[in-house]
Amino acid sequence: MSVATLSTRRLTLPTRIVSGKNAAERIPEMIRGLGDKVLIVTDGDPSRESGILDRIEALIEPIVLGTIIFDEGPPFADPAIVDQGLLLARQSK
């Protein structure tokens, strides 16, 4: 009889919702000091087409060493999609 060992993961996602006109302009101050790389999880084409993803990348470029874009996330992604994004982030070290 074999016993499978399950790995344990812990993911903490502190949430801060900032809304309103020009709310994206506050992103640099919110992420400053959190790390050298940023993982942006988005729903793909709508974020690109609206221009918001390009705008956010331009805002954070001066304060981070790298940006990883995971654009395969549908709204309310299931855990398997989240795992794919985490794998992408880990592989980009």
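Only the coordinates and a few stated rules stand behind these numbers; no lab work does. Predicted model only: the values in this text are computed from it and were never measured. Here the Cβ positions follow ideal geometry from the backbone for every residue, glycine too, while neighbour counts run over all protein chains shown.
Structure values in brief
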item	result
FRET E, pair residue 16, residue 91, Förster distance 22 Å, beta-carbon r, rounded to 0.05	0.25
Cα-based shape type of region 39-93, given that a ≥ b ≥ c are square roots of the gyration tensor eigenvalues and the cut on a/c is 1.5	oblate
Extension gain (nm, one decimal) between residue 54 and residue 32, 0.36 nm per residue minus Cα-Cα	6.1 nm
